[in-house]
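S.K.: After the structure tokens below, expect a handful of questions from me.
The values are calculated or read from the model by the stated rules, or taken from the named source; none is laboratory data. Small disclaimer: the values here were computed from a predicted structure and weren't measured. Cβ placement follows ideal geometry from the backbone for every residue including glycine, while neighbour counts extend to all protein chains displayed. What goes into the accessible areas is simple: the full protein's heavy atoms, side chains included, and nothing from ligands, DNA or RNA. Shrake-Rupley method; radii C 1.70, N 1.55, O 1.52, S 1.80 Å.
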Amino acid sequence: MQRIEFKNIISGIFNSYSQIFFSDKKAFAFILLVVSFFDWFAGLCGIASVVLSIGLAYWLGYDKYKITSGYYSFNSLLVGLGIGIFYAPSYPLLLVIIAAAILTFFISVLLEAVIGKYYLPYLSIPFLLSLWMITLSMRDFQALELSSRGLYKLNELYDIGGQSLVELYTWWTNLGLYLPLKVYFISLGAIFFQYNLLAGILIAIGLLYFSRIAFTLSLFGFFTAYLVYGFTGAEITDLSYNHIGFNFILTSIAVGGVFIIPSRMSYLWTILLVPLVIVISISFSKILEVWQLSIFSLPFNFVVLLFVYTIKMRLYKSALLAEPYIMQSTPEANLYTFHNANQRFDKAWHFPIKLPFWGVWSVTQGHDGKHTHKEEWKYAWDFEILDDENRPFRGMGTKAEDYHCYGKMILAPAPGTVVQIEDKIPDNNIGDINTTENWGNTIIIKHSEFLYSKLCHLQPDSFKVYIGENVKQGQQLASCGNSGRSPQPHLHFQLQATPFIGSKTIKYPVSSYIRHFKETFSLESFTFPKQFERVSNIEKNTLLYKTFHFIPGQKLKFEVKENENTREIEWEVFTDIHNNSYIYCKDTESFAYFFFDGYVFYFKNFVGDKSSLLYYFFLGFYKIQTGFYKGLKLTDAFPLHHLFKKSSLFFQDFIAPFYIFYKAKYDVIYESADNDLSPSLIKISSVVEKSIFNKVVGKISYEVEITEKGFSKIIITDKEKLIQLKCLELSQ
């Protein structure tokens with residue numbers, strides 16, 4: 001049995017309540033906890049079921065994170081509330097609650113294994129199955145009595161709080177609200193088996209606090225259902241008296257903002273699915289009447305699982321109806337993270353392919369070229385080395401040796417296995433071409449299934465690898481030559497899906513490279529070099545690479561000076577079970593997740609205290625490439641919820657699925673180095689900007705010096721705040 005911490009138990013209890021609305025907000029959970037105790041006995045049964053499930057999960061050795069997130073106990077909460085509402089207090093009922101909690105936990109685990117392998121959630125199916133079985137079996141338990149609480153509500157309230165409480169309850173009950181809105185609130189309360197207006201209003205307030213998108217979707221789904229009921233002539237009183245309206249609320253939140261990224265299309269699908277929920281509600285109500293069972297949340301579960309599974313089975317994905325890469329804590333976070341990931345990593349799922357050479361080369365023929373690269377072979381590049389006068393050769397250019405690229409080493413663009421080699425074709429004289437052996441000396445490397453690279457027109461007898469050899473990215477392959485259909489020395493480079501020398505090309509990007517202009521540079525990521533561009537791989541600078549090459553177990557220790565106060569902080573680098581690397585600050589319990597491919601360093605996510613220095617560090621070094629190119633400027637963007645306070649985004653959240661007018665921008669500039677060839681000091685600066693309707697409303701500036709010891713100096717300016725950091729230790 002694993003060690004149980006009290007704070008994890010508390011987190012598990014609270015998250016069991018908020019998990020019902022796909023939330024992890026403690027304040028929202030507290031509201032739901034209070035609502036559940038509107039019927040005191042139901043509240044006790046609910047929390048008792050949660051504690052039993054959490055204890056059982058710990059006892060059996062289940063994942064601590066899932067336990068504390070309420071994953072294994074929120075269904076038990078619903079079962080406990082249902083039992084507490086329907087039955088009167090008694091000692092035999094205690095045994096039933098224990099049995100129900102165990103049964104619900106077992107069903108949750110079973111469904112996690114059965115439908116979890118399809119990456120589907122089990123939602124509240126364990127609650128349904130467990131409560132139905134308990135309800136059917138308890139009809140034979142003569143020691144149990146149905147609850148009479150609520151039948152004489154006014155008398156009960158009078159006994160508790162006298163006439164004033166009765167008058168308050170009467171005022172709430174007779175509150176002059178628009179009838180559909182009143183039914184909406186009662187439907188919200190019914191999720192926790194509290195069939196009254198106040199419960200629903202409190203839950204609506206909590207829902208609004210948790211997520212503006214979820215709140216909007218709850219209204220959107222419910223009132224769409226109300227209109228469809230009226231339009232089709234279905235019995236609207238089912239919503240009023242059977243309290244099944246919460247199915248439309250939960251379905252809309254799940255489809256519109258949790259399992260699908262909030263968008264115009266997700267909102268449209270909430271409309272399209274409402275009639276389906278109505279059909280399921282009416283049809284299954286007829287079926288379950290035979291056993292005198294309520295449908296509870298069956299329509300919600302049925303429709304959401306049906307829709308989510310259908311979306312997952314698509315062959316072609318669409319950004320208009322997209323699933324979250326990683327489920328975030330709110331629909332807003334899902335939306336903002338998705339937009340940001342699309343902007344930063346829209347093609348990063350590609351296997352990383354680098355340019356197959358050292359130094360700066362020019363694209364003398366790109367895709368769909370002027371001379372060759374046509375039709376099924378159009379996605380290819382020709383590379384040469386041009387001098388400052390854009391000439392590919394020195395002297396007269398009558399010999400292959402006159403050409404700058406001739407004899408230069410060609411490199412493996414990515415790790416893989418050599419599958420084809422042709423290396424006995426002689427080089428042409430300048431101006432001649434060999435149309436019989438079109439591709440000339442060639443090497444083909446397999447990088448993954450259906451991804452091969454082909455490098456052609458190589459110099460004969462220059463190959464340094466053999467068929468079947470496993471090669472690393474950057475490994476020397478052969479020399480650039482002039483064989484095949486090649487009037488002058490150059491490198492032909494293409495990606496293809498099959499391993500043959502004459503294979504058709506595929507459109508596939510280069511993962512990252514530097515584009516050279518006359519006096520400036522730009523970093524290009526997962527895109528396609530164009531004709532006449534001068535390009536190179538990132539030439540890693542030792543100082544930058546060493547500074548940002550964080551490895552598990554490494555500790556970062558800084559001296560911090562802020563407002564004349566000096567202190568020391570320490571962070572450590574870890575890797576989690578999913579192989580995600582992060583920097584952790586123990587003092588503030590903050591996590592900064594990052595990714596580094598050896599060339600470009602990215603921070604991906606921050607979780608924790610946004611007043612911590614780790615948060616400032618996350619912002620200031622959001623994206624860094626490890627080559628030094630003076631004047632190079634990188635631009636990136638943050639998910640809005642990382643930079644703006646929740647209160648600031650309040651109005652933006654409501655319309656975020658349709659229009660985003662907030663922006664969170666990041667720029668970094670490579671300022672100077674004390675030596676071009678082997679610098680010992682590099683200066684960079686970065687700026688974080690917040691803007692609303694393109695008007696800047698906040699800025700954080702960074703001045704950074706990097707030496708052999710790592711971060712020699714970091715100066716952070718945030719409004720009137722000035723923070724200076726000096727690295728004391730960068731241990732490996």
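S.K.: Got a number for the accessible area of residue 290? Probe 1.4 Å, square angstrom, nearest 10.
M.R.: 110 Å²
S.K.: Tell me, what is the Rg over Rh of the stretch 397-516, with Rh the Kirkwood radius over Cα pairs?
M.R.: That ratio is 0.96, to two decimals.
S.K.: Which pairs in the list 446/540; 64/312; 623/721; 530/695; 507/695; 604/713 are over 32 Å apart, alpha-carbon to alpha-carbon?
M.R.: 530/695; 507/695
S.K.: To the nearest 20 debye, what is the magnitude of the charge dipole of the chain about its Cα centre, counting +1 on the Cβ of each Lys and Arg and -1 on the Cβ of each Asp and Glu?
M.R.: In total the dipole reaches around 480 debye.
S.K.: Here's a follow-up. Please compute the volume of the convex hull spanned by the alpha-carbon atoms of the stretch 533-616 and report it per residue in Å³. Walk me through the intermediate numbers first.
M.R.: Details: hull volume 12.4 nm³, N = 84.
Measuring per residue, one finds 147 Å³ for the Cα hull of the stretch 533-616.
S.K.: Calculate how large, on average over all directions, the projected area of the Cα convex hull of the stretch 296-401 is; give the answer in nm² to one decimal.
M.R.: About 12.5 nm², averaged over all directions.
S.K.: Still on this structure: Keeping every protein chain in place, order 567, 391 by accessible area at 1.4 Å, biggest value first, i.e. largest first.
M.R.: 567, 391
S.K.: Now for a different question. How large is the charge dipole for the stretch 368-494, taken about the Cα centre, if only the Cβ atoms of Lys, Arg (+1) and Asp, Glu (-1) carry charge, to the nearest 20 debye?
M.R.: 200 debye
S.K.: What figure in square angstrom, to the nearest 10, would you give for the accessible area of residue 512 with a 1.4 Å probe?
M.R.: Rounded to the nearest 10, that gives 10 Å².
S.K.: For the stretch 477-522, compute Rh as the Kirkwood radius over C-alpha pairs and then the Stokes-Einstein diffusion coefficient at 10 °C and 1.306 mPa s; write the answer in µm²/s, rounded to an integer.
M.R.: 115 µm²/s
S.K.: Translational D (Stokes-Einstein, µm²/s) of the chain at 20 °C and 1.002 mPa s when Rh comes from the Kirkwood sum over C-alpha pairs?
M.R.: 71 µm²/s
S.K.: If R₀ is 41 angstrom, what is the calculated FRET efficiency for the pair residue 448 and residue 370, using the beta carbon separation as r and rounding to 0.05?
M.R.: 0.80
S.K.: Here is a further query. With a 1.4 Å probe and every protein chain left in place, tell me how much accessible area residue 291 has, in Å² to the nearest 10.
M.R.: Per-residue accessible area (residue 291): approximately 130 Å².
S.K.: What ratio of Cα Rg to 2.2 N^0.38 Å holds for the stretch 321-459? Provide the component values of the computation, followed by the final result.
M.R.: Numbers: Rg = 20.6 Å, N = 139, 2.2 N^0.38 = 14.3 Å.
The reported ratio for this selection is 1.43.
S.K.: I would also like to ask the following. Mean residue ellipticity at 222 nm from the helices of the chain, using -39,500 (n - 2.57) per DSSP H segment of n ≥ 4 over the full residue count, to the nearest 500 deg cm²/dmol?
M.R.: When only DSSP H runs of four or more count, the value is -11500 deg cm²/dmol.
S.K.: Could you let me know the centre-to-centre spacing of the stretch 384-408 and the stretch 411-477, using Cα atoms, in angstrom?
M.R.: Between the Cα centres of the stretch 384-408 and the stretch 411-477 lies a distance of 21 Å.
S.K.: For the stretch 599-718, what does the equivalent ellipsoid look like in terms of its semi-axes, each the square root of 5 times an eigenvalue of the Cα gyration tensor, given largest first in whole Å?
M.R.: Details: eigenvalues 185, 42, 28 Å².
Computed over the stretch 599-718, the values are 30, 15, 12 Å.
S.K.: Still on this model: List the residue ranges in the chain for DSSP H helices whose C-alpha atoms run 24 angstrom or more along the long axis and whose Kyte-Doolittle average is 1.0 or above.
M.R.: Helix filter hits for the chain: 40-60, 91-114, 212-232, 264-289.
S.K.: Taking 0.36 nm per residue of separation and subtracting the Cα-Cα distance, what length does fully extending residue 316 through residue 284 add?
M.R.: That works out to 8.2 nm of additional length.
S.K.: Modelling each spin label as a point 7 Å along the Cα-to-Cβ direction, I'd like the residue 522/residue 678 distance in nm, to one decimal.
M.R.: 3.5 nm
S.K.: Turning to a different aspect of this structure: Mind checking which aspartates and glutamates have their Cα closer than 20 Å to the Cα of residue 354? Skip sequence neighbours fewer than 8 apart in that chain.
M.R.: Reachable aspartates and glutamates: 346, 382, 384, 449, 469, 524, 533, 539, 597.
S.K.: So if the hydrodynamic radius of the stretch 260-311 is defined as the Kirkwood radius over C-alpha pairs, what does Stokes-Einstein give as its diffusion coefficient at 37 °C and 0.692 mPa s, in µm² per second?
M.R.: After rounding, the answer is 274 µm²/s.
S.K.: Okay, moving on. Between exposed GluC sites (Glu not before Pro) in the chain, where DSSP calls loop and at most 10 other Cβ atoms lie within 10 Å, what's the longest gap?
M.R.: The answer is 1-388.
S.K.: Now a separate question. Computed on alpha carbon atoms, what radius of gyration and Dmax characterise the stretch 519-665, expressed in Å?
M.R.: Rg and Dmax of the stretch 519-665, Cα atoms, are 18.0, 56 Å.
S.K.: What Kirkwood Rh does the stretch 603-663 have if only Cα atoms enter the pairwise 1/r average? Answer in Å.
M.R.: Taking the inverse mean of 1/r over all distinct Cα pairs, the stretch 603-663 comes out at 13.8 Å.
S.K.: Residue separation times 0.36 nm, minus the C-alpha to C-alpha distance between residue 504 and residue 697: what's the value?
M.R.: 64.3 nm
S.K.: Restricting to DSSP loop positions (anything but H, G, I, E, B) with no more than 10 other Cβ atoms inside 10 Å of their own Cβ, which trypsin sites (Lys or Arg not before Pro) remain in the stretch 317-395?
M.R.: Here the trypsin sites (Lys or Arg not before Pro) that fit, given the DSSP loop and packing criteria, are 370.
S.K.: Below 18 Å, Cα to Cα, which aspartates and glutamates can residue 117 reach? Residues fewer than 8 away in the same chain don't count.
M.R.: 63, 323
S.K.: In the stretch 560-626, carbon and sulfur make up what percent of the accessible area (probe 1.4 Å)?
M.R.: 44 percent
S.K.: Once both labels are modelled 7 Å past Cα along the beta-carbon direction, what's the residue 143-residue 497 spacing in nm?
M.R.: Simple spin-label model gives 6.8 nm for this pair.
S.K.: Solvent-accessible area per residue for the chain at a 1.4 Å probe radius, Å²?
M.R.: Using a 1.4 Å probe on heavy atoms only, each residue of the chain averages 47 Å².
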